[in-house]
Structures are given as C-alpha cells and as structure tokens.
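Some notes on the structure that comes next.
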C-alpha cells in the first residue's frame, strides 16, 4: 500500500509553487491531522493508518456538505465540497454503486440472507471487503434495497 503522505507532500510543494492557497491549506490540514495522531499515539503512523485518517477527514467533509445544504448554507457546502475533492485525490478510487451491488449480491448468496432481518449477516462481511473503497452509507443503502428493507 502506498503511503499517501508522499503524494500529499509533493502536491503541497506544487500548490505552494503555484500559489494555490486554498489547495495548500486543505493539504496542510490533512497532513496535520495525520501528524496529530502520531503525537497522540507517540508512534509512527503506517500508510494504512494514514489512509484511515484521510478517509475520516473525507467523511467529515461529506457530512458537513449534507448539513450545510440542509441549513441552506451553499457557501459552506461549496467550501466543504472543494476540500473533499482535494482529499479524494489522495484516497483510493471509490467503488461505484454497481460494483458495491455485485459484492452485496455475492455476500447475500454466501450467507443465505433473505430479508431485512438478515441485514447484520450481510453488512459485516461486505464492509470487511470494501473497507476504504466504499462509503458505509452507500453499502447500507444497497443492502437495504437488495434485502427489501
């Protein structure tokens, strides 16, 4: 697994050269989140853990976009969308709904799940397979749709 910090540091240098202040600030924020975990745990952050931290930061942005839109604050929503787009450059490609559906169908067949009552049987194995490459809300929605929940 590639360490996203290498790519982020290169992008930071590029943003600084190009005087792209908004992009520079988002990258610095993400790097400082990783650094903060290193300080808090008093240890080195692995590439996998760095990706986890970036995914949490991206998830915060997605939730902020939803909240800002509900509150009628398009300006904040636009800023959060921009930050999310910058963070997503350093994350693995996310699975499409169709790809998630294929995995969910496979797990449903393997577990013998038949109704919404069996949702827990399906969610655990699916989330283990799509960790880091699919949003949990999307997976939850697909499982509900396919199990008739």
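The number of residues in the stretch 100-110 being surrounded by fewer than 14 Cβ atoms within 10 Å (Cβ to Cβ) and within 29 Å of residue 53 (Cβ to Cβ) comes to 1. Being within 22 Å of the chain's Cα centre (by Cα) and not in a helix (DSSP H, G or I) is the filter; apply it to the stretch 111-139 and report the residue that is nearest to residue 48 (Cα to Cα). Only one residue tops the list, namely 132.
Restricting 35, 59, 81 to residues that are free of Cβ contacts under 8 Å to residues at least 24 places away in the same chain and either under 12 Å from the mean Cα position of the chain (by Cα) or under 22 Å from residue 138 (Cβ atoms) (or both) narrows the list to 81. Checking residue 15 against (1) surrounded by 12 or more Cβ atoms within 10 Å (Cβ to Cβ); (2) at pLDDT below 95, which test does it fail? Every listed condition holds for residue 15 apart from (2). Residues satisfying the criterion are absent from the stretch 99-110 (criterion: within 30 Å of residue 28 (Cβ to Cβ) and either without any contact (Cβ under 8 Å) to a residue 24 or more places away in the chain or outside any helix (DSSP H, G or I) (or both)). Any residue at all in the stretch 39-48 that is outside any helix (DSSP H, G or I) and either modelled with pLDDT of 95 or more or surrounded by 16 or more Cβ atoms within 10 Å (Cβ to Cβ) (or both)? Scanning the stretch 39-48, I find at least one residue that is outside any helix (DSSP H, G or I) and either modelled with pLDDT of 95 or more or surrounded by 16 or more Cβ atoms within 10 Å (Cβ to Cβ) (or both), so the answer is yes. Residue 122 satisfies every condition listed in (1) closer than 30 Å to residue 4 by Cα; (2) not assigned by TED's automatic domain parsing to the domain that holds residue 35 except (1).
The values are calculated or read from the model by the stated rules, or taken from the named source; none is laboratory data. Just so we're clear, the structure is a prediction, and the values are computed from it rather than from any experiment. With ideal geometry, Cβ positions are generated from the backbone for all residues, glycine too; neighbour counts draw on all protein chains shown.
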